[in-house]
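Structure first, commentary second.
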Amino acid sequence: MVGPVLDKSKSNIERAAYIYSALRRTRPGTRQDLKNYVKVFLGIDVPDIRICPQHNTPMDYLWYSFSADFAAEGKVNADAIVWANRTGGKTELAAVATLLDCVFKPNCRVRILGGSGEQSGRMYQYLTAFLWNGFEEFLAGPALKAKCHFVNNSSVEVLTQSATSVRGQHIHKLRCDEVELFDEDVFAAAKFTTQSTENLVAAMELISTMHRPYGLMQKIVSSADRFSTPVFKWCVWEVIEKCTDRNCSQCPLWGDCQGKARVADGYLKIDDCVTQMRRASRAGWEAEMLCKRPSLENVVFDEFDVERHVRPLDYDPNLPLYRTLDFGFVNPFVCLWIQVDNAGVVRVIDEYVLSRATIDVHAVEVKNRTPGGEGRVAATFCDPAGAGVNDVTGTSIVRELRTLGITARYRRSGILEGIELVRRAIRSGDGKSTLVISPSCRRLIEAMQCYHYPQPGSTAASAELPLKDGVYDHPIDALRYFFVNHNRPTKTATRRY
């Protein structure tokens, strides 16, 4: 950053005060300048050492958020996802980003939207504490309970967790804190609030810990690649204090740490982390602090493990080929291609998932994607509901498929029966697994991780049956139909018309 011009007629104390004040008003020009600025003027030493592979540092996020408007050529937006641990500094860091936006980006309109009123208020409280610690000169009037304005015409306002509060907003930056707690209707409305102007790039920042494998944050992170949205992820090791004087062999954190804290540069007290680990369940510790995976509580297939059950698979012409179908229009139509090897291992080699298309469109795609052609298909299994006659068309999906060259078979069964067969394939009583899925089956893999039971106390019909959410249940249903039909020819129906 460029230094201020000194007035030699001033005393040393006056010069120092002038320099300090001038530097506060000088925009940081580099990542290191920004780190130094936040440390000097806010007293926060933002951690900047990546400890875990594939993780980021808190400083990575802060620099990305701040610099987006100063290197915006060709940038469509500055959206970002922050997935970090509890007590990982997410909210405070977002408040820092908000202060920097308002001080150094004239006319910047920022809004804060939390998963609850308390969460929104927490970020705003951080912001106002910064303002009363030497940044009062930038304010245009007093900071109110839920909003404040700056002399450069920038502004901050706290929004409530309601669609009414969100709709009608036209702003540059929206910071959504604890997205996991958001109402999905509010989140859907929030997507339309940000707009870029000549010198400011629109940004929607989604900030949260991932609590549930089927929650909103999981969906957001899973779709990040599709929308080219960067994910800034860090865990306890990126924000823990440096360990200098402990005996690793006697430290309760050693099993997870393995020396990581020796090179850390964060602020979380090691003793606090030890206490939190002892208070929590293992699943809770991994989800909330290590950001390894969400808690599997309430998940149907809690023993499904990507490392064990997912690996590259190719079509083997020496093995029988099966297809299994779940019908849908608004909800997706699903087809899985499956082979079973000589050891009885079920190999899901491909998937097709598409909504809002007619059965003839699906039939063409299914036939085109079938390796070796229709002659290689040993059987096609389907949803028994497909045999029902439509009151309008006077025919059934099974009959339509037959006229299109696909003979579908089915066996009526209960949902719980199919789920138990899938569970047994994931891990049988002797600990063996007979299910493997190709990485190309992205939607099925996601469903295996996220298919869940209704929340306790919900209005779902039965907590004994998994939730039919229209997203994860359809790939699972297709897989169920395979297991309840395969090797059961005497109980499988094929209707002729």
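Quick one: would you say T393 is in the same structural domain as L479 (by TED's automatic domain parsing), loosely packed, with under 15 Cβ neighbours inside 10 Å and either modelled with pLDDT of 90 or more or part of a loop (DSSP other than H, G, I, E, B) (or both)?
Numbers: in the same structural domain as L479 (by TED's automatic domain parsing): yes; loosely packed, with under 15 Cβ neighbours inside 10 Å: yes; either modelled with pLDDT of 90 or more or part of a loop (DSSP other than H, G, I, E, B) (or both): yes.
So T393 fits the description; yes.
Taking the residues in segment 278-331 that are of a type in the set (K, R) and assigned to a loop (DSSP other than H, G, I, E, B) as candidates, determine which candidate is modelled with the lowest pLDDT. Within segment 278-331, the match that is modelled with the lowest pLDDT is R293.
For every residue, the table says whether it meets (1) in contact (Cβ under 8 Å) with a residue 12 or more places away in the chain; (2) closer than 15 Å to L99 by Cα; (3) surrounded by fewer than 19 Cβ atoms within 10 Å (Cβ to Cβ); (4) not basic (K, R).
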site	(1), (2), (3), (4)
K145	no, no, yes, no
V151	yes, yes, yes, yes
L159	yes, no, no, yes
V166	yes, no, no, yes
K173	yes, yes, no, no
C176	yes, no, no, yes
D185	yes, no, yes, yes
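When each of R402, R427, R488 is tested for being out of contact with any Phe, Trp or Tyr (no Cβ under 7 Å at 6 or more places or on another chain) and at pLDDT below 90, the lone residue that passes is R488.
For segment 1-18, the candidate set comprises residues that are surrounded by 14 or more Cβ atoms within 10 Å (Cβ to Cβ) and not in a loop (DSSP other than H, G, I, E, B); within that set, the residue that is modelled with the lowest pLDDT is R15.
Scan segment 323-331 and tell me whether some residue there is touching a helix residue (DSSP H, G or I) at 6+ places or on another chain (Cβ under 8 Å), hydroxyl-bearing (S, T, Y) and surrounded by fewer than 23 Cβ atoms within 10 Å (Cβ to Cβ). Looking through segment 323-331, none of the residues is touching a helix residue (DSSP H, G or I) at 6+ places or on another chain (Cβ under 8 Å), hydroxyl-bearing (S, T, Y) and surrounded by fewer than 23 Cβ atoms within 10 Å (Cβ to Cβ).
Yes/no matrix, rows are residues, columns are (1) closer than 21 Å to L174 by Cβ; (2) of a type in the set (S, T, N, Q); (3) touching a helix residue (DSSP H, G or I) at 6+ places or on another chain (Cβ under 7 Å); (4) modelled with pLDDT of 95 or more:
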| position | (1), (2), (3), (4) |
| --- | --- |
| F41 | no, no, yes, yes |
| D48 | no, no, yes, yes |
| I51 | no, no, yes, yes |
| D60 | yes, no, no, yes |
| S65 | yes, yes, yes, yes |
| D69 | yes, no, no, no |
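The values are calculated or read from the model by the stated rules, or taken from the named source; none is laboratory data. Quick caveat: nothing in here was measured; it's all calculated off a predicted structure. For neighbour counting, all protein chains shown are included, and Cβ atoms are generated from backbone atoms with ideal geometry for every residue, glycine included.
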